[in-house]
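A short reminder: the numbers here are calculations on the coordinates, not readings from a lab. Since the model is a prediction, treat every value here as computed from it, not as a measurement. Using ideal geometry, Cβ is built from the backbone for each residue, glycine included, and neighbour counts are taken over all protein chains shown.
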Amino acid sequence: MAIHTPATLASSPENLYQLDSLQLQLTVNASFQLTSENPSAQVKEAQVELLLFPVEDYRQKIVQLETDGTTAENKITFLFSNPALGVQNYGYQAIIQTNSQNLQVTKKIPYPLQNIANVEKYTLPTEKIDSTNPAIISKARELSQGKDDLFEVVFSLANWVSENIKYDLNDLTTNSAQKASWVLENKQGVCDEMTSLFVAMARSLGIPAKFVSGISYTENPEVLAALGKHWAGHGWAEVYFPSVGWVSFDIAFNEFGYIDVTHIKLREGFDPDEPASKFEWLAENVQLVSSPLNLDVKIKQKGRLIPEELQLEMEILSSSTAFGSYNLVKGIVKNPTNHYSAVSLDMAAPPELEITTPHKKTLLLSPQEVQEAFWIVKLSSKLDSSYNYQLPLIIYTEKNLSVKEELLTQVNGPSFTLPLAVFIQ
């Protein structure tokens, strides 16, 4: 009997997320218009403070900057003296070097937190991050119940938002950021809303958390269809871990405890509604109308691929089964490092194999820990009985670490039924 092998599963595009560094050219352009219907109108001065400016820290440096403005304190100020009515342009171009360094939590930090007076302001509510909302408080307390490890608590919040809030680009979520309580109630949002809910739940538990605005690279088809480009404005969070610092959590990217090198950090603060620009003008009978910022990123130089720290293995209950049989697939993840590591596992299979359990499994591993994840698959009963089939199963992570095994099918082979406790020859 012949062996039939289905087409190879589609390979991923070039994975920038696995690189140890990137050199990126960021161009930010915008304009404003001075208008008036009064013939005696005049403008003495106009000023713009552009607040979306690369934040230099341990993972991001400005290599080169070109601008007509004046830089200071993570902003650029543009001064227009006696400008004419009409359109005025401003902006900057920067070469930015990002790297894969991330702060690492190497030991248990007790929860609830004590002595956070120096960062207590990041536990306060804002208009959009309404952390005093009763529903937010209730959900956060539910997720943290019985936990005394800060990383475990923060991970449980991040993972719940990732699994339960649908990423949805629509008029409500893209035209203006919604409140965290709205996101919790409606179970939808984009990166800003997902981050706001996560930050709100953390703050409701007395855990300091920042809202970070910037740009990142995406392969999300929904974003590509809407924007027509890979680089887009993005929001993520930083959470304060005593004795460690501000640790990154990107809910939309499933990057819990780190961010990849495509993230360009432009601002950190309290709320997604903090303005990108501030305008002042000294004039008579003149109005100022601003336009949205235009952000563009080009890759100048790529670093090297980073070896994956985690180790991934796969086991299949039975390497061959009959048509219509269930089977159990186990993923084994080992963390050989000295720090906490979160990983999102997913499974890919050809159409002949139905994955009957949720595809994504997100795990938190403490230093040196080993964990397992399970999937149940079902082989189609409507296959050509003149063939045996050799079917690939792939388990992979958000960093594209993967492991592959093959399942051989036989017309009269072993068969399993749910709950996979009965083995029929």
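Using Cβ counts within 10 Å as a stand-in for footprinting exposure, how do THR27, THR195, THR356, THR126 rank, fewest first?
Going from sparsest to densest Cβ surroundings: THR356, THR27, THR126, THR195.
Taking only C-alpha pairs under 8 Å that are 6+ residues apart, what is the relative contact order of the stretch 305-425 in percent?
Taking the mean separation of contacting Cα pairs over the length of the stretch 305-425, I get 33 percent.
How far is it, in nm, from the label point at GLN390 to the one at ASN115 when both lie 7 Å from their Cα along the line to the Cβ?
6.2
Simple spin-label model, 7 Å along Cα-to-Cβ: ASN15 to GLU56 in nm?
3.3
By a straight-distance test (C-alpha under 14 Å), which aspartates and glutamates pair with LYS75 as possible cross-link partners, with residues fewer than eight away in the same chain excluded?
Here the aspartates and glutamates satisfying the reach criterion relative to LYS75 are GLU49, GLU56, GLU66, GLU268, GLU274.
To the nearest 10 degrees, how steeply does helix 191-204 sit against the main Cα axis of the chain, on a 0 to 90 scale?
Taking Cα atoms only, the helix is inclined about 90 degrees.
Once you place label points 7 Å from the Cα toward the Cβ at ASP271 and GLN311, how far apart are they in nm?
Placing both labels 7 Å beyond Cα along the Cβ direction yields 5.0 nm.
Arrange the following residues from fewest to most other Cβ atoms within 10 Å of their Cβ: THR67, THR357.
Ordered by Cβ neighbours within 10 Å, fewest first: THR357, THR67.
Counting each pair of different Cα atoms once, what's the Kirkwood radius of the stretch 308-420 in Å, rounded to one decimal?
In the stretch 308-420 this quantity evaluates to 14.7 Å.
Are any of the pairs LYS187/LYS378; LYS187/LYS404; LYS128/LYS166 more than 24 Å apart by Cα-Cα distance, and if so, which?
LYS187/LYS378; LYS187/LYS404
Would you calculate, for the chain, the mean residue ellipticity at 222 nm contributed by helices, counting each DSSP H stretch of 4 or more residues as -39,500 (n - 2.57) and dividing by all residues, to the nearest 500?
-4000 deg cm²/dmol
Give a quick list of trypsin sites (Lys or Arg not before Pro) in the stretch 359-425 that DSSP marks as loop, anything other than H, G, I, E or B, with at most 16 other Cβ atoms within 10 Å.
The qualifying sites are LYS360, LYS382.
Putting +1 on Lys and Arg Cβ atoms and -1 on Asp and Glu Cβ atoms, find which of LEU266, SER204, GLY189 reaches farthest to the positive end of the dipole of the chain.
So the residue furthest toward the plus end is SER204.
Go through the stretch 223-274 and name the trypsin sites (Lys or Arg not before Pro) that are in a DSSP coil and have 14 or fewer other Cβ atoms within 10 Å of their Cβ.
Here the trypsin sites (Lys or Arg not before Pro) that fit, given the DSSP loop and packing criteria, are LYS229.
Mind checking which lysines have their Cα closer than 29 Å to the Cα of LYS108? Skip sequence neighbours fewer than 8 apart in that chain.
Hits, sequence-local ones excluded: LYS121, LYS139, LYS147, LYS210, LYS265, LYS330, LYS334, LYS360, LYS361, LYS399.
Whole angstrom only: what separates the Cα centroid of the stretch 190-245 from the Cα centroid of the stretch 82-118?
12
What is the order of MET347, MET201, fewest Cβ neighbours within 10 Å to most?
Going from least to most buried by this count: MET347, MET201.
Can you give the longest run of the chain that contains no GluC sites (Glu not before Pro) sitting in a DSSP loop with at most 15 other Cβ atoms inside 10 Å?
The answer is 128-218.
Students often get this wrong: which residues of the stretch 37-51 have the backbone nitrogen under 15 Å from the point 7 angstrom along Cα-to-C-beta of ASP68?
45-50
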